[in-house]
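No lab work stands behind these numbers, since they all come straight from the coordinates. Keep in mind it's a predicted model, so treat the numbers as computed, not measured. Ideal geometry is used to build each Cβ from the backbone, glycine not excepted, and the neighbour counts take in all protein chains shown.
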C-alpha cells in the first residue's frame, strides 16, 4: 500500500504554505526580495524563479536522503511512526498552551556569505539549507513522515513539494509587490492564532500513531 494522495501531495503543500506565513519565515523572504530590488521587474521574476527552483531541489535532495536513511530502518519504522506521532502531539499541545518556544531552534547549514549574496542561485542554496526557528516544528513534522516514507523518490517528492509551496508565493509577490504589505498583516494575525497550528499538529500526531499501530511497513515500503 502506498502513501495516500493526501499524505504525499496535499500535506507537504499545506505545510509549506503554512511555513510560508510563519512570522520569521516571512521576514527572511522579505529580506530576499529586498536583495533583488535593483533588478528590472522582468529580471526580478527570473531571479525569484531561479531561487524557487534551487530551493525546491535542495530540499528535495534532503528529503531523499532522509527517506534513504529511513528505508534502512524498515524493521523499526512502525516505532518511528509512533515516536513522531507522540512528538507531533507534544508540539500541538505546546502551541495550544503557549509553550511552542520549547521547540524553536534555528538550524542553519549554509555559509554566512551565501546569505549576503544577491545571486538567486546562492540564496536558493542558503535558504534550502536553513530552517528558521518558527518554521522548525512544521519542517520536523514533515521530516518525520519523510523518514518513514519508504522510498527515496517519495522522500524527494514530499520535501520538494514542501520547498516549492514554501517558496512559490514569492513569485506572486515579485509580480505584485503590493502584496508584501498584506502578507505582513496576515502574519501578524496568524501570530495571534497559534492554536490553528496546534490543531494541525494534533491531527497529524493522531494520524501518525494510527499509522504506526495499524499499517504494516512491509506493505508500503516495497
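Just a few scattered comments:
- Extension gain for residue 153-residue 175 works out to 4.7 nm (0.36 nm per residue, less the C-alpha to C-alpha distance).
- Potential lengthening of the chain between residue 46 and residue 83 amounts to 9.1 nm, from the contour at 0.36 nm per residue minus the alpha-carbon distance.
- Rounded to 0.05, the FRET efficiency of the residue 93 and residue 210 pair, given R0 = 25 Å and the Cβ-Cβ distance, is 0.90.
- Residues 32, 127, sorted so that the one with the fewest Cβ neighbours within 10 Å comes first: 32, 127
- At R0 = 22 Å, FRET efficiency that the Cβ-Cβ distance of residue 194 and residue 53 yields, to 0.05: 0.10
- Segment residue 203..residue 34, full-extension length gain: 57.2 nm, with 0.36 nm per residue of separation and the alpha-carbon distance subtracted.
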